[in-house]
Amino acid sequence: MGRRPGRFATFGPLATARRYVERIVWAAERVQWPRHGGITATALILLSSIGFGIVRGDHTPVVLDALADVRDMAANAVGFRIAGVAMTGHKHLSRDEVLAIAGVSGRSSLLFLDAAAARARLKANPWVGDATVQKLYPDRLAIDITERVAFALWQKDGQVNVIAADGTVLEAFVSKSVLTLPFVVGSGAEKRAREFLAQFDRHPELRDQVRASVLVAERRWTLKLKNGIDVRLPETDVPRALDQLATLERDKKLLSRDIVAIDLRLPDRVTVRLSDGAAQAREDVLKAKRPKSKGGAA
């Protein structure tokens, strides 16, 4: 009779592997093997043990990468090495960055390159809006990408990021080269920035005075002007409010006054808050104009 698997004194992955191998050996001994079957059984046991060790030791990715390299080497040897890459559309990303993102290296072969997977990797990059990858046999590759463009700076919870027009976060704000971009603040501002900022196309003189546009409670915008004035806009009919502000600036030079806030939220009135200094000066003028009491001193 064949021997049954015994018990081991060791524990952990090694003990598990040993028990696994012993069970295979015990099962193999109970089978009536044909001539030379012992060699086959031994090979199967070895292959099973190796496979178990690879999986158990989390070495599967390493082994698959090694097999892929061997596969690519074989394909390159018979004429499928990528000899040239035609690339278009990259501006922010460098050529080497595009190749690295697509997973194309000097060892890659055209035969085994997965064009769909390379395209998916490119589109996963925030700077890439769209991409096409074409294999041109026997040894050419064509990559065309459409990059997103930096549109504005967006601040939320103290973190400033560069965003595209569709609100996609492209990267953290680290470069002074983007300081001239419009600045929007608040939750949801990144998705509504394009539509809101487009309304300043009719009033470029106002746009030049805006330091930041703050989305309040995801409902309405407040403009922070470069001179320190806050302009509170309504939830709806923003074009009407901007027209009104432009008219007041043109006719009354309102934005040059000693004020700290302008409220345009009500359609039938404009509310202005004076600075502390201006408010005090106005109060002094009003006091001087009041009639003196009959028995009062000057």
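The values are calculated or read from the model by the stated rules, or taken from the named source; none is laboratory data. The structure displayed is predicted, hence computed values, not measured ones. Cβ: placed from backbone, ideal geometry, glycine included. Neighbour counts: every protein chain shown.
Scanning the range 166-195 for residues that are hydrophobic (A, V, I, L, M, F, W, C), in a loop (DSSP other than H, G, I, E, B) and surrounded by 17 or more Cβ atoms within 10 Å (Cβ to Cβ) returns a single hit, F173. Here is a check on your reading of the model: is A198 of a type in the set (G, A, S) and surrounded by fewer than 18 Cβ atoms within 10 Å (Cβ to Cβ)? Taking the combined requirement at face value, the residue satisfies it. Evaluate the following for T247: is it loosely packed, with under 13 Cβ neighbours inside 10 Å and modelled with pLDDT under 95? No: the conditions fail for T247. If the condition is being surrounded by 13 or more Cβ atoms within 10 Å (Cβ to Cβ) and either part of a loop (DSSP other than H, G, I, E, B) or of a type in the set (K, R) (or both), then the range 95-113 contributes G103, V104, S108, L110, L111, F112, L113. Across the range 131-139, not a single residue is classified as surrounded by fewer than 19 Cβ atoms within 10 Å (Cβ to Cβ), of a type outside the set (G, A, S), at pLDDT 95 or above and under 17 Å from the mean Cα position of the chain (by Cα). Scanning the range 209-225 for residues that are in contact with a helix residue (DSSP H, G or I) (Cβ under 9 Å, 6 or more places away or on another chain) and either in a helix (DSSP H, G or I) or without any contact (Cβ under 8 Å) to a residue 24 or more places away in the chain (or both) turns up just one, L223. Could we say that H92 is at pLDDT 60 or above, surrounded by 12 or more Cβ atoms within 10 Å (Cβ to Cβ) and not polar (S, T, N, Q) here? Yes, satisfied. Scanning the range 116-127 for residues that are surrounded by 13 or more Cβ atoms within 10 Å (Cβ to Cβ) and either without any contact (Cβ under 8 Å) to a residue 12 or more places away in the chain or farther than 17 Å from E97 by Cα (or both) returns A120, K123.
Summed over the range 97-122, the residues that are at pLDDT below 95 and either under 15 Å from E147 (Cβ atoms) or among the aromatic types (F, W, Y) (or both) give a count of 1. Scanning the range 199-235 for residues that are closer than 20 Å to T247 by Cβ and hydrophobic (A, V, I, L, M, F, W, C) gives F200, L206, V210, W221, L223, L225, I229, V231, L233. All conditions but one from (1) free of Cβ contacts under 8 Å to residues at least 24 places away in the same chain; (2) touching a helix residue (DSSP H, G or I) at 6+ places or on another chain (Cβ under 9 Å); (3) not in a helix (DSSP H, G or I) apply to V260; the one that does not is (1).
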